[in-house]
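*Asks:* I have a structure here, written as structure tokens, and I will follow up with some questions on it.
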Amino acid sequence: MGYEFDWSVLLEYKELLITGLLTTIKLSVIGIFLSFIIGSLVGIGRASKNFWISLFSSYYVESFRNIPLIVQMFFIYFTFTLTDIFPFLEKWGEFLHISDTNAFFSALIGLVLYTSAYIGEVVKAGINAVPNGQKEAAESLGMNSFQVMWLIIYPQAIKIIIPPITNQFLNLIKNSSLAMTLGVAELTFATQQIDSETFRGFEAATAVTILYMILTLFTSFIMNLIDMKFSKGVKNV
Amino acid sequence: MKKNIIQMKDINKWYGEYHALRNVNFNVKQGEVVVICGPSGSGKSTLIRCINRLEEIDEGKLIVDDQDLYDKKTNINKVRQEVGMVFQHFNLFPHLSILENITIAPVKVKKKNKQEAEDLAMKLLERVKIPHHAHKYPSEISGGQKQRVAIARTLAMEPKIILFDEPTSALDPEMIGEVLDVMKELAKDNYTIVCVTHEMGFAREVGDRIVFMDAGEILEEDTPEEFFNNPKTERAQKFLSEILHH
Amino acid sequence: MFRHIENYFSKHKIQFFIFNTILIVSILKTIQVFIYPETHFSEIFTKDNMRFLFFGRPGEIGGLALTFVLAIVSIFLSFFIGSLLGIMRWSSVKIIKIPAVLYIEIIRSIPLLMVIFWVFFAIPVFSMMFFHTQAHVSPTVAAIIAFTIFTSAYVAEIIRSGINSIPKGQFEAAKSLGMNSRQIFTLIILPQAYRKMIPALISQFISLFKDTSLAYTIGVIEFFRAATIINNRLYLSFEIFSFVALVYFSIAFSMSKFSEHLERKVEKQLNT
């Protein structure tokens, strides 16, 4: 008696898979957006000459990247009731069609804290890789430190960090699977759900694996396009 | 008698244990062209970089355009708008086109109208003789052209003082001339210029005064005539014989 | 004055670590004061709880000890499989290269949780297909297999970039001495590549160490699951999870500082 594949479960449970895919996409898109912004700020802070800013940023980075993501998610989910602290999340949850607002946002905040710590390190390395002469030239034109960073250093750093930052975005997409441990119905959760209802985990896992591959490939593709746009003029300097 | 636009009094600077500037007293009058020379490691670049506070001094008083640079009330970015700097390695912004390199500071720092800034930039590019490269990127032009763009970028801020930090040292020999030509024109145009360079021909031709430094000290200050014909210190004589016999 | 503090911390990593830990504790304390005015840390710091958290139930290995076993065994296995895959990927023979590329790219594009489920779902299916019996694999073994499958792909990439960083001249010199490919790799290339890869391998180990917490999902009672079990009994999530976070942090942070230290040492060695 061998194992007989039954791919029809995928059709039967397509609702679950589609909702899962959408939830993963929501987590990923919002997560990438927020962790990029916070990570950039943290990275700029890490490269800062001000002792307290740089200490605070390195404290942020070291804390959040050295604690497992699942622990952070559980800590947030079980010790805070986010919708009580931030009532507006309720509305956002409705807007995003999320069934369990608390779990979703706990997972999202965990993802953002964790990933932005890594992005902070990447951004810092990128900023430090921009030659010091750039800063000096900008300063000698009378730019203030905000203008030096925003107009001159950061645009060049961005170009350098696109490949490692793409990796962090992909990690975030993959790590969004951890939201299932809080009961967020994303893709990995759907796999488990289908398995527990039909014992067709193998088929479900195959489908979900392919969906993840499509998601990560698509993200890499977009980041490649952005990379190409940025490489304009920045070659061989 | 013109007033002193740069005044440095008893300046001392250390890098850790290393005494980089020793009791430097140095004044520059408005419209004057001063050339600083000396062996490498003598502190000439450090001195010039102190004038717009790219390097911090440890002791002494530094007044530029009537403003004490180390007064808490002085806005260093305002002073820097009056003091342009041209670097040895150009330091053009690689992510911006030539035109944007020149207009970014006038538009963002001086809040100039964009069209006005671009018109000025085109005029300046013509003045440094590269108007047709305006929309290229720094990586697409030669070293001599880069340095001329850097000069145009500095001029676009309409500074009173221009600092040149070895502007021709990183250039291939055949490109040095084109940059020096532009600098000579500026010298005639009433800018106050402080220039660190090894180009003694340039110093002799346009310099009002030569300053010779060694080991962080100013050893001689004289007119080019006097300095080249009768160097007073032994070290200046040695330096001149080395540099002129190459 | 700040510069002095900064220099001090960059020279004295351990003091920085202590300072950091104090900061974490004080922040947790602040959260606690505002949100949980009453805490019951004493209730979780009992002898039984601690023994369960760090060593598992009497007679079986669990808790933090099992976390270390999972991480160490998996990184050890991944190191060999990853080396093999890395060399395969580096090869120019297509039949060798393509399977390695496929493996590495597929594994790297899916979450670790999916790999864990794959192992869980696939083992019974394969045992049905090939041995016609229902296989029973303990969750711990399944977790180790999953971690190894996952980490091997990442180790392979580290190995490949390590090999790529060796100058071509080394290959040519070895070839001109009459070495065959196996000798070139084992005698000349890998010894040099491994030394450069040590920091990357350690940071891979650190992420694996954190990732072992995912074994929670298939019921392995490692450190994190042990903590959730206590939480289900006591409902003291703030106390328990902040303690768990602190333990993970101390270990992962120390290891990452150690790896930075090694990195500098290796750099010095390679420069001289």
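Each value in this text was obtained by applying a stated rule to the coordinates, not by laboratory testing. All figures in this text were calculated on a predicted structure; none of them were measured in a lab. Don't worry about glycine lacking a Cβ; one is built from the backbone with ideal geometry, like all the others, and counts go over all protein chains shown.
*Asks:* Restricting to chain B, compute how many DSSP beta bridges are antiparallel as a %, nearest 5.
*Replies:* Values: 20 of 37 bridges.
Of those bridges, close to 55 percent are antiparallel.
*Asks:* Quick one: C:SER83, B:SER97, C:SER250, fewest Cβ neighbours within 10 Å first, how do they rank? Before the final figure, lay out each step's value.
*Replies:* Numbers: C:SER83 23, B:SER97 18, C:SER250 15.
If I rank by nearby Cβ atoms, fewest first, I get C:SER250, B:SER97, C:SER83.
*Asks:* Would you list, by chain and number, the lysines whose Cα falls below 22 Å from the Cα of A:LYS14, excluding same-chain residues fewer than 8 positions away?
*Replies:* Here the lysines satisfying the reach criterion relative to A:LYS14 are A:LYS26, A:LYS174.
*Asks:* Same structure again: List the trypsin sites (Lys or Arg not before Pro) within segment A:1-80 that fall in a DSSP loop (any state other than H, G, I, E or B) and whose Cβ has at most 14 other Cβ atoms within 10 Å.
*Replies:* Numbers: sites: A:LYS14, A:LYS26, A:ARG46, A:LYS49, A:ARG65; in loops: A:LYS49.
Sparse-neighbourhood loop trypsin sites (Lys or Arg not before Pro): A:LYS49.
*Asks:* Would you mind getting me the FRET efficiency between A:PHE230 and C:ILE98? Use the beta-carbon distance for r and R0 = 25 Å, nearest 0.05. Working shown, then result.
*Replies:* Values: r = 32 Å, r/R0 = 1.27.
E between A:PHE230 and C:ILE98, to the nearest 0.05, is 0.20.
*Asks:* Starting with the fewest neighbours, write out A:SER58, C:SER161, A:SER116, A:SER231 ranked by other beta-carbon atoms found within 10 Å of each beta-carbon. Working shown, then result.
*Replies:* Values: A:SER58 19, C:SER161 15, A:SER116 28, A:SER231 12.
Going from sparsest to densest Cβ surroundings: A:SER231, C:SER161, A:SER58, A:SER116.
*Asks:* For segment C:153-162, take each phi angle, set θ = phi - 60°, evaluate the Karplus expression 6.51 cos²θ - 1.76 cosθ + 1.60, and give the result in whole Hz per residue in order, putting x for glycine and proline.
*Replies:* With the stated coefficients, segment C:153-162 comes to 4, 6, 4, 4, 5, 5, 5, 4, 5, x Hz.
*Asks:* Right, next: Can you tell me which aspartates and glutamates have their Cα less than 20 Å from the Cα of B:LYS3? Leave out same-chain residues fewer than eight positions away.
*Replies:* B:GLU32, B:ASP65, B:ASP66, B:ASP68, B:GLU82, B:GLU158, B:ASP189, B:ASP208, B:GLU221, B:ASP222
*Asks:* Starting from the amide H of B:ILE5, placed 1.01 Å from N in the peptide plane, find each other amide H under 5 Å away whose residue is 5 or more places distant or on another chain.
*Replies:* B:VAL28, B:LYS29, B:GLN30
*Asks:* A further question follows. What distance in nm separates the simple spin-label points at B:GLN30 and C:THR21, each placed 7 Å from Cα in the Cβ direction?
*Replies:* The modelled label-to-label distance comes out at 6.5 nm.
*Asks:* Can you give the FRET efficiency to the nearest 0.05 for C:PHE76 and A:ILE53, using r as the Cβ-Cβ distance and R₀ = 45 Å?
*Replies:* Working: r = 41 Å, r/R0 = 0.91.
With R0 = 45 Å, the Cβ-Cβ based efficiency is 0.65.
*Asks:* Restricting to bridges with both residues inside the protein assembly as shown, how much of the DSSP beta-bridge set is antiparallel, in percent to the nearest 5? All intermediate terms of the calculation are to be shown ahead of the outcome.
*Replies:* Numbers: 20 of 38 bridges.
Taking every DSSP beta bridge with both residues in the protein assembly as shown, the antiparallel ones total about 55 percent.
*Asks:* May I ask for the net charge around B:ARG209, where only other residues with Cβ less than 15 Å from the Cβ of B:ARG209 are counted and Lys, Arg are +1 while Asp, Glu are -1?
*Replies:* Details: positive: B:LYS2, B:LYS29, B:LYS44, B:ARG204, B:LYS232; negative: B:GLU32, B:GLU205, B:ASP208, B:GLU220, B:GLU221, B:ASP222, B:GLU225, B:GLU226.
Once positives and negatives cancel, what remains is -3.
*Asks:* May I pose another question? According to a simple spin-label model (label point 7 Å from Cα along Cα-to-Cβ), what is the distance in nm between A:THR83 and C:ALA173?
*Replies:* 6.7
*Asks:* Under 5 Å between amide H atoms, partner at least 5 residues away or on a different chain: which partners does B:MET213 have, H built in plane at 1.01 Å?
*Replies:* B:CYS37, B:GLY38, B:LEU219
*Asks:* So, one more: Using the structure shown, select from A:LYS49/A:LYS135; A:LYS124/C:LYS265; B:LYS13/B:LYS238; A:LYS49/B:LYS9; C:LYS175/C:LYS265; A:LYS135/B:LYS108 the pairs with a Cα to Cα distance greater than 24 angstrom. Could the numbers behind the result be given before it?
*Replies:* Details: A:LYS49/A:LYS135 13 Å; A:LYS124/C:LYS265 22 Å; B:LYS13/B:LYS238 26 Å; A:LYS49/B:LYS9 28 Å; C:LYS175/C:LYS265 30 Å; A:LYS135/B:LYS108 16 Å.
From the list (A:LYS49/A:LYS135; A:LYS124/C:LYS265; B:LYS13/B:LYS238; A:LYS49/B:LYS9; C:LYS175/C:LYS265; A:LYS135/B:LYS108), the Cα-Cα distance tops 24 Å for B:LYS13/B:LYS238; A:LYS49/B:LYS9; C:LYS175/C:LYS265.
*Asks:* Quick check: net charge around B:LYS108, other residues with Cβ under 11 Å of its Cβ, Lys/Arg +1 and Asp/Glu -1? Provide the component values of the computation, followed by the final result.
*Replies:* On the way: positive: B:LYS110, B:LYS111, B:LYS112, B:LYS114; negative: B:GLU100.
Its environment carries a net charge of +3.
*Asks:* Starting from the 7 Å offset along Cα-to-Cβ, what nm value, one decimal, do you get for the label separation of B:GLN115 and B:LYS2?
*Replies:* 3.6
*Asks:* Filter the chymotrypsin sites (Phe, Trp or Tyr not before Pro) in segment C:161-243 to those in DSSP coil with at most 14 other Cβ atoms within 10 Å of their Cβ, and list the result.
*Replies:* Details: sites: C:PHE171, C:PHE185, C:TYR194, C:PHE205, C:PHE209, C:TYR216, C:PHE223, C:PHE224, C:TYR235, C:PHE238, C:PHE241, C:PHE243; in loops: C:TYR235.
Answer by residue number: C:TYR235.
*Asks:* What stretch of chain B, leaving out the sites themselves, is the longest with no trypsin sites (Lys or Arg not before Pro) in a DSSP loop having at most 11 other Cβ atoms within 10 Å? All intermediate terms of the calculation are to be shown ahead of the outcome.
*Replies:* Working: sites that count: B:LYS2, B:LYS3, B:LYS72, B:LYS73, B:LYS111.
Counting only loop sites that pass the neighbour cut-off, the longest clear stretch is B:112-246.
*Asks:* Quick one: which residues, 5 or more positions from C:GLU222 or on another chain, have an amide H under 5 Å from its amide H? H modelled 1.01 Å from N in the peptide plane, none for Pro or chain starts.
*Replies:* So C:GLU222 has HN proximity to C:GLY63.
*Asks:* May I ask you to sort B:SER139, A:SER220, B:SER42, C:SER152 by Cβ crowding, counting other Cβ atoms within 10 Å and putting the fewest first?
*Replies:* With the fewest neighbours first, B:SER139, A:SER220, B:SER42, C:SER152 line up as B:SER139, A:SER220, B:SER42, C:SER152.
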